[in-house]
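Only one structure is covered here, and it is reproduced in the block below.
Every number here is computed from the coordinates shown, using simple stated rules; none is lab data. Just so it is clear, the structure is predicted and the values come from calculations on it, not from any experiment. All Cβ positions, even for glycine, are placed from backbone atoms using ideal geometry, and neighbour counts span all protein chains on display.
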Amino acid sequence: MNAKRILLFAIGPISASVLGLITLPIVAWIFSPEDVGRLTMLNVAVSFALLLFSLGLDQAYVREFHEVNTKPNLLKAVFMPGFMILLMTLVCIAFSPLSLPIILFEIDSFFITFILYASILLSFCSRFLSLILRMQERGLAYSMSQLLPKLLFLLVLLVYFWLGAEAVFDNLIFANFLSLLAVFIIYAWNTRKDWLPALTASIDKTRQSQMIRYSFPLIGSGLAFWGLTAMDKLFLRRLSSFEELGIYSISVSFAGAALLFQAIFSTVWAPVVYKWAAEGVHPQRIKNVMDYVTLAIVVIWSLAGMFSWVVPYLLPPEYINVQYILLATMAYPLIYTVSESTGIGIGIKRKTMFSLLAAVVALILNAIGNWFLVPIYGAAGAAMASAVAFFSYFIIRTEASSKIWISFERFRLYGFITWLVTLCLIINLVKINVFLLFGIYFATCLLSLFVFWNQTKASVAFLINR
């Protein structure tokens, strides 16, 4: 994938991130922290459904895409098992005494129930349709699919404000539903030449069985990873309040720069690296990418620390601690991105049990950390527990990849990531003066540019030549 295609893939996440930063203060000023917390629980439920019912076959699609000739058959083989199970599950829940809205939101409403189930189905279908654009390297179409729904969500909020609509959860969740519906429609239109043939395509049972065997450990690791990313919110919901959950959610949302980098890298990296592996590209080329990713992670995290003091000026007074919490919440997207590059040997060698091991260990550490820290520190405690858990996830994946694939130098990588995680923990325990905080992160950024001097020079030269 050349620089132009990478740029096309980046347009969507970058623009969506900018819109998100514009939308975030509007949501915080219009809706209460409690309703923001409830919206977070909706996202938790949707992400759980995606991880559980995709059965890991979405990753099997990415892994096998370049090794099959009948792409519609492959799409149908990976989509149908999970979709049928999800549909039957939702029908069973709908006719049972169980009320998901009460469990998630403490609200009993037919309207919210309908929106919840529809959001899960739309998100599931959109997940597989987005894979088509990713694997075909159709960056512009993928970017538009990311950008337009965010724009729609912002427009709906502005209409609410203009009409003086009541700031209630029903309106917030409906605006979110419209954005999910827009995602699905755009994906469906852009991939119609791919999924329409899949409707009548036959399924290669032998290959489907092979993919299920490949993806089976990914189901466990996927569920563990969901627990890893959602446990902080669940503990806040159980041991704290919707208000603390809302504050934490705003902190996570302000980590948008980190999520942006993760989204771009994850979108581009998997298709490219498996293509390289199929073509027999020398592993050193992959190792070079790891160094560039590490440098980018340190610089992004340092910039966030240097300018975190700006955040309180954008939000209502009740969100004053977001400036500290967001530095810990950035650990998830940034450390996860590094582990995607350093742990790639697990996917290349198809040793997915190591991904399961990493996720389970991190999940246990996250549970222990949240259990002890959330009752004391609230949102800050959840952020600290999550940072430590993802640090362990990264270490296990990196070490496993180095052992089963190729051994690579890790001293610089471990040094910077350990320092940044330690620093974000200290900041949430002891509120450091903003000038001192700026100086510490500025020094960290300069040191990373010096330590990764070859990558720094190459990056500067690339930008100048553009």
Q: Among Ala380, Ile203, Pro149, pick out the residue whose Cα is farthest towards the positive end of the charge dipole of the chain, where Lys and Arg carry +1 and Asp and Glu carry -1 on C-beta, about the Cα centre.
A: Ile203
Q: Just tell me which aspartates and glutamates come within less than 17 Å, Cα to Cα, of Lys431; anything on the same chain fewer than 8 places away is out.
A: Glu318
Q: Take peptides 90-97, 448-455, 290-297 and line them up by average Cβ neighbours within 10 Å, highest first, as a rough protection proxy.
A: 290-297, 448-455, 90-97
(Q) From the C-alpha coordinates alone, can you work out the Kirkwood hydrodynamic radius of the range 1-203, in Å? (A) 18.3 Å
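If you take the Cα Rg of the chain and divide it by 2.2 N^0.38 Å, with N the number of residues, what do you get?
Here the Cα radius of gyration is 0.96 times the empirical estimate.
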Q | Dipole-positive endmost among Trp276, Thr229, Ala359 within the range 218-466 (Cβ charges, Cα centre) | A | Trp276
**Q.** Dimensionless Rg ratio for the range 218-466, taking C-alpha atoms and the 2.2 N^0.38 Å reference
**A.** 1.01
Q. Once you put a point 7 Å from the Cα of Leu314 and another 7 Å from the Cα of Ser47, both along the Cβ direction, what distance in nm separates them?
A. 1.9 nm
Q. Given labels modelled 7 Å from the Cα in the Cβ direction, how far is it in nm from Ile30 to Trp162?
A. 1.2 nm
(Q) In the chain, if the dipole is taken from +1 on Lys/Arg beta carbons and -1 on Asp/Glu beta carbons about the Cα centre, which of Phe391, Ile250, Leu39 is farthest to the positive end? (A) Phe391
**Q.** Kirkwood hydrodynamic radius of the range 25-137, from inverse mean 1/r over distinct Cα pairs, in Å
**A.** 15.9 Å
(Q) Under 8 Å for C-alpha pairs, at least 6 residues apart: give me the relative contact order for the chain, rounded to a whole percent. (A) 21 percent
Q: Taking the Cβ of Asn73 as the centre, find all other residues whose Cβ is under 9 Å away and add up their charges (Lys, Arg: +1; Asp, Glu: -1).
A: +2
**Q.** Listed pairs Lys71/Lys287; Lys150/Lys233; Lys193/Lys351; Lys71/Lys275; Lys349/Lys457; Lys76/Lys275 exceeding 25 Å between Cα atoms
**A.** Lys71/Lys287; Lys193/Lys351; Lys349/Lys457
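Stretch Lys403-Phe450 to full length: gain in nm at 0.36 nm per residue minus the Cα-Cα span?
Answer, rounded to one decimal: 14.1 nm.
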Q.
For Cα pairs less than 8 Å apart in space and 6+ apart in sequence, what is the mean separation divided by the residue count of the range 137-221, i.e. the relative contact order in percent?
A. 36 percent
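Residue separation times 0.36 nm, minus the C-alpha to C-alpha distance between Lys275 and Glu67: what's the value?
Here the segment from Lys275 to Glu67 would lengthen by 74.0 nm.
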**Q.** Additional length obtainable on full extension of the chain from Ile376 to Lys431, 0.36 nm per residue less Cα span
**A.** 18.2 nm
**Q.** Segments 223-232, 106-115, 38-47, 414-423 sorted - mean Cβ within 10 Å per residue, highest first
**A.** 223-232, 38-47, 414-423, 106-115
